Every structure is written in C-alpha cells, then in structure tokens.
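Accompanying notes for the structure given below.
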Amino acid sequence: MIFVDMQGRKVPALGYGTWDLRGADCERAVPMAIELGYRHIDTAQSYENEAEVGRGWVASGLPRGDLFITTKIARVVGGDVTGNSAKHVARGVEESLRKLRTDYVDLLLVHWPSPDVPMAETLEAMERLKSAGKVRALGVSNFTVAHMREAVKLAKSPVACNQIEYHLLLSQRPVIGFAREHGIALTAYCPLARGRFMDNPVVLRVAKKHGKTANQVGLRWLLEQPGVLAIPKAGSLPHARENISIFDFALDADDRRALDALPGNTRLVSPGWAPKWDAA
Ligand code: NAP
C-alpha cells in the first residue's frame, strides 16, 4: 500500500468506492474488499448505502481503528436543496454515524458546493462535529479553485482533502496546483474513468510492458503523484482484486510521458447542480 499524509494521518491511498453498490450487494462487497486488504472505504449520505457499509465492516471483524471511513454531506436530500445547512449537517451526520455503526468518521466531506447555503455555515457546523470528536478530518468534494480558496479562508481547521473526478483522461491541472500549494490531499473519484481508457492503445502499451491491465496502470499513474488517493469501485471480486494488485510495479519516466500526453478533457460527472468547472 502507498500512504498519503492527510493532516498528520497516514491514509491508505487506495480506497474502495461504493457508489451504486446497494443493499445485499454492498453488504457483501464491503467485507470482501476488507478481506482483500482495502482499509479505506468511501461512501456518502446520498449513496443510500451507509447502513450496508456499516453492517459490512462490522461483519468483517476488523477493529474500527484499522479502517478509514469517508462519508459526505448530501447537498440534495429528498429534493431539499439546503442539504448543506447547519441543521442538516448536524442531523445528517448523527444519522450517518448510526448507520455506519461507528461513533466517528475519519473524513467528512461537503459533497457539492451549494449556491444556496453560505459555505461558512456548512464549515462551522462541520467544525462543531469535529470538536465533539464525531469527525476526525474535514474536507470537500467537487470544489473548484474558487471554492477551495473560499474554504481555506473560512475553515478554522485545515481542509484535509478535495475529492474530485480525476483520471488519465481528465487532467485537473488548476485544482491540483492549488491543492498542492495548500497541502490539501486530492482523492480521485472515477479513477478508472468508468472503463473509458481500458482500450486506449497508449495505456495498453504501457500495461503490456509491465504485465498489467490498463486499469492497473491508470491507478498507478494516480497513486504515484504526491498527495493523490484513488477510490475505484469494483463490485466483483476479480475487479476488486485486480485494483489492489498494483503495488508490485512502478511506472518509469517514458510511461509517464506517454500517459501525461493523453487528452485530458473527458469529464464524466457533471450533474445539473455542478459548479462551473475550472478548465481542464
Ligand atoms: P470508477 O471507479 O472509475 O469505475 C467503476 C466501474 O468500473 C464499475 O462499473 C466497475 O465494475 C468497473 N471496474 C472496476 N474495476 C475494474 C477492473 N479492474 N476492470 C474492469 N472494470 C472495472 O467509477 P465510480 O464508481 O463512479 O467512482 C469510484 C468511486 O468514487 C465511487 O464508487 C464513489 O465512491 C466515488 N465518487 C464520488 C463522486 C463525488 O461526487 N464525490 C462522484 C462519483 C464517484 P464492477 O463494479 O462490476 O466491478
């Protein structure tokens, strides 16, 4: 495993994404991932699977302290677009903790910036949870450079992380530049671009050279960058195993040159409430 320093905490850089894993599938997948060696699980209030993640990790028998759990505050809750409000943050996190069967989460993220709720209100509510020991670190997701700048100015404790779409086909240079400057870790979501580079000849050439798959190369490319984590989702055992079998090879300068030159403008996640993104 590679670890990223997140405000003094050693966090496993490869995590397990759970979007779209629901019900029994999720409850089965979480202990499977833990058995394979994953120690970092990503969920969110809006994934509607926190209870299954909770039951899953408890069933695995792993001590709570050995697991890093991230959840995210929903921006849209049952059609209520004030999901980032102080009231919702406090209530929502109590519910998350109950569902996740834990008395703290390692990382709490604002899932999406809100045009309706002042960022200061959301961050203050999160700070209160941190002071109460219910949250270990605070972060954001889908924040542009402008949002990050505002968050850094407003937050009392450090912004530990920005979780963004990041993969071989989306370069994200402005956000990465700002995050590095301010010691903010970046968690790459959709790190496999949901299969979009599996057949890319450049990626396949690098993969063949190392006896690996294109997805493994894509994950390695992310984790070899300082301060970058990745949370691929894999419901099936072969995929979950493949994604964690990336710690026995390394990319060289030629590989990186070829991979860095791939066109970096493929964005897969941009719902109606997304902010105006920075140029790729
Ligand atoms: P992804 O991880 O890029 O791709 C997941 C897809 O790839 C699944 O269909 C999975 O299939 C397949 N897959 C996984 N490993 C594979 C392998 N080795 N070979 C072939 N196919 C493979 O996309 P994602 O799930 O959208 O993103 C990952 C995680 O990021 C999410 O689960 C979620 O936790 C987080 N996320 C966060 C946000 C946000 O707004 N913060 C947005 C999107 C996602 P199987 O499941 O069948 O194995």
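Throughout, read-outs are computed from the coordinates displayed, never taken from laboratory work. Quick caveat: nothing in here was measured; it's all calculated off a predicted structure. Please note: Cβ atoms are built from the backbone with ideal geometry, for glycine as well, and neighbour counts cover all protein chains shown.
For the chain, with a Gaussian network of springs between Cα atoms less than 10 Å apart, report the residue from Ala261, Ala160, Ala188 with the top mean-square fluctuation.
Ala261
Evaluate the relative contact order of the chain (contact order divided by residue number), counting alpha-carbon pairs under 8 angstrom at least 6 apart; express in whole percent. List each step's numbers first, then the result.
Working: 534 pairs, mean separation 53.3, N = 280.
Contact order relative to length: 19 percent.
Just to confirm the number: angle between the C-alpha axis of helix 86-100 and the first principal axis of the chain, 0 to 90 degrees, nearest 10?
60
Reported to two decimal places, what Rg/Rh ratio describes the range 1-121 when computed on Cα atoms with Rh from the Kirkwood expression? Please report the intermediate quantities before stating the final value.
On the way: Rg = 14.5 Å, Rh = 14.8 Å.
In the range 1-121, Rg relative to Rh is 0.98.
I need the shape label for the chain. Rule: rounded when a/c is under 1.5, else prolate if a/b > b/c, else oblate, with a, b, c from the alpha carbon gyration tensor. Could the numbers behind the result be given before it?
Details: a/c = 1.76, a/b = 1.28, b/c = 1.38.
Here the chain falls in the oblate category.
Relative contact order for the range 1-144: what is it in percent, counting Cα pairs under 8 Å that are at least 6 residues apart? Don't skip to the answer; put the middle values down first.
Working: 253 pairs, mean separation 27.7, N = 144.
Normalised by residue count, the contact order of the range 1-144 is 19 percent.
So what is the relative contact order for the range 162-280, in percent, with contacts set as C-alpha pairs under 8 Å and at least six apart?
Values: 158 pairs, mean separation 41.6, N = 119.
35 percent.
Using a cut-off of under 12 Å, list every residue of the range 203-222 whose amide N is near the label point 7 Å from the Cα of Phe249 along the Cα-to-beta-carbon line.
It comes to 203-221, nothing else.
If each of Glu127 and Arg173 carries a label point 7 Å out from its Cα toward its Cβ, how far apart are those two points in nm?
3.5
With springs only between Cα atoms under 10 Å, which of Glu165, Glu35, Glu127 fluctuates most in a Gaussian network model of the chain?
Result for the chain, Cα springs under 10 Å: Glu35 fluctuates most.
How much length is gained if the chain between Ala274 and Glu35 is pulled fully straight, taking 0.36 nm per residue apart and subtracting their Cα-Cα distance, in nm to one decimal? Working shown, then result.
Details: separation 239, 0.36 × 239 = 86.04 nm, distance 3.53 nm.
So the chain would gain 82.5 nm between Ala274 and Glu35.
With a ≥ b ≥ c the root eigenvalues of the C-alpha gyration tensor of the range 208-248, is it rounded (a/c under 1.5), prolate (a/b larger than b/c) or oblate?
Numbers: a/c = 2.27, a/b = 1.15, b/c = 1.97.
Oblate is the answer for the range 208-248, as a/c is 1.5 or above yet b/c matches or exceeds a/b.
Please compute the modelled spin-label separation between Asp260 and Lys87, points set 7 Å along Cα→Cβ, answer in nm with one decimal.
Inter-label distance under the simple model: 5.1 nm.
Gaussian network model of the chain, Cα springs within a sub-10 Å range: biggest mean-square fluctuation belongs to which of Asn243, Asn265, Asn162?
Maximum among the listed residues: Asn265.
Taking 0.36 nm per residue of sequence separation and subtracting the Cα-Cα distance, how much length would be gained by fully extending the chain between Lys10 and Glu94, in nm to one decimal? Kindly include the intermediate steps, with their values, before the conclusion.
Working: separation 84, 0.36 × 84 = 30.24 nm, distance 2.54 nm.
My answer for the length gained is 27.7 nm.
Please say if the range 1-47 is rounded, prolate or oblate, where rounded means a/c under 1.5 for a ≥ b ≥ c the square roots of the C-alpha gyration tensor eigenvalues, and otherwise the choice is prolate for a/b larger than b/c and oblate otherwise? Provide the component values of the computation, followed by the final result.
Numbers: a/c = 3.57, a/b = 1.67, b/c = 2.14.
Oblate.
Against the longest alpha carbon principal axis of the chain, how many degrees, from 0 to 90 and to the nearest 10, is the axis of helix 214-223 turned?
On a 0 to 90 degree scale, this one is about 60.
Measure nothing fancy, just the Cα-based angle from helix 50-60's long axis to the longest principal axis of the chain, in degrees from 0 to 90, nearest 10.
Taking the Cα atoms of the chain, the angle to 50-60 is about 60 degrees.
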